[in-house]
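This report concerns only the one structure given below.
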Amino acid sequence: MIRDSIERIRGAIPPLLIFDELACFEWIGHSSVDVSRFVRALVACCAKSGVLLAVRYHIAALDDLDNVLRILLQLSAYHIEVLPLSSGKSGAVSGEISLHAGAALVGPPRRVIPRSRALQYRLGEYHATYFERGTGNAVL
């Protein structure tokens, strides 16, 4: 089914497959070994077909680096980290986003955003607003 979907989007410019909620496989009882094998096969199929792949994977706790996440980090060219504010809840800021180069990146990274310079965001009713640290009041 997924391979057929990849074949259908090959003509798109640029072809992109977004796989949402990979963690659900584990939550419904699949072993981390099976999920890891699936991830490797999905990455290989997309690479062979020239399709960009974005995978959303949620972890239960910040210090919960499981086997599947480790494999995702090994296979990714980039990974986006979305975290709550380290200082705690804020009415003006919902969280922070950083972009890191991954182990599978070929060539120099484009524009990474380290945690020390993470973008902040605020979720509105129908949208999100992104801004640099310390400029929240000016944007909001």
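Any chance you could count how many residues in region 116-134 are outside any loop (DSSP other than H, G, I, E, B) and touching a helix residue (DSSP H, G or I) at 6+ places or on another chain (Cβ under 9 Å)? So that I can check it myself, show each step before the final result.
The initial filter retains those residues of region 116-134 that are outside any loop (DSSP other than H, G, I, E, B), namely 116-117, 119-123, 128-131.
Then keep just the ones that are touching a helix residue (DSSP H, G or I) at 6+ places or on another chain (Cβ under 9 Å); that gives 120, 122, 129-131.
Residues meeting the conditions: 5.
Given the criterion at pLDDT 85 or above, open to solvent by less than 70 Å² (accessible area, probe 1.4 Å) and either touching a strand residue (DSSP E or B) at 6+ places or on another chain (Cβ under 9 Å) or within 30 Å of E125 (Cβ to Cβ) (or both), identify the matching residue among V82, V35, V93. Walk me through how you get there before you give the answer.
Details: V82 fails: open to solvent by less than 70 Å² (accessible area, probe 1.4 Å); V35 fails: either touching a strand residue (DSSP E or B) at 6+ places or on another chain (Cβ under 9 Å) or within 30 Å of E125 (Cβ to Cβ) (or both).
Answer to the selection: V93.
Would you check which residues across region 96-110 are surrounded by fewer than 12 Cβ atoms within 10 Å (Cβ to Cβ) and either over 23 Å from C46 (Cβ atoms) or not basic (K, R) (or both) and list them? Before the answer, list the steps.
Looking only at region 96-110, we keep the residues that are surrounded by fewer than 12 Cβ atoms within 10 Å (Cβ to Cβ), and these are 103, 106-108, 110.
The answer is A103, V106, G107, P108.
What are the residue pairs meeting all of these: first residue in region 17-43, first residue over 16 Å from A54 (Cβ atoms), second residue open to solvent by less than 60 Å² (accessible area, probe 1.4 Å) and among the acidic types (D, E), Cβ atoms under 6 Å, and 6 or more apart or on different chains?
V35/E26
Which residues, counting only those in region 102-114, are aliphatic (A, V, I, L, M) and either in contact (Cβ under 8 Å) with a residue 40 or more places away in the chain or touching a strand residue (DSSP E or B) at 6+ places or on another chain (Cβ under 6 Å) (or both)? Lay out the reasoning, then the answer.
Of the residues in region 102-114, the ones aliphatic (A, V, I, L, M) are 103-106, 112-113.
Across region 102-114, the qualifying residues are V112, I113.
Can you name the residue in region 4-32 that is touching a Ser or Thr at 6+ places or on another chain (Cβ under 9 Å) and modelled with pLDDT under 70 and, of all such residues, is least open to solvent (accessible area, probe 1.4 Å)?
I6
The values are calculated or read from the model by the stated rules, or taken from the named source; none is laboratory data. Predicted model, so just to flag it, every value in this text is computed and none were measured. Ideal geometry is used to build each Cβ from the backbone, glycine not excepted, and the neighbour counts take in all protein chains shown. Each accessible area value is taken on the protein alone, full model and side chains, heavy atoms only, with ligands, DNA and RNA left out. Shrake-Rupley method; radii C 1.70, N 1.55, O 1.52, S 1.80 Å.
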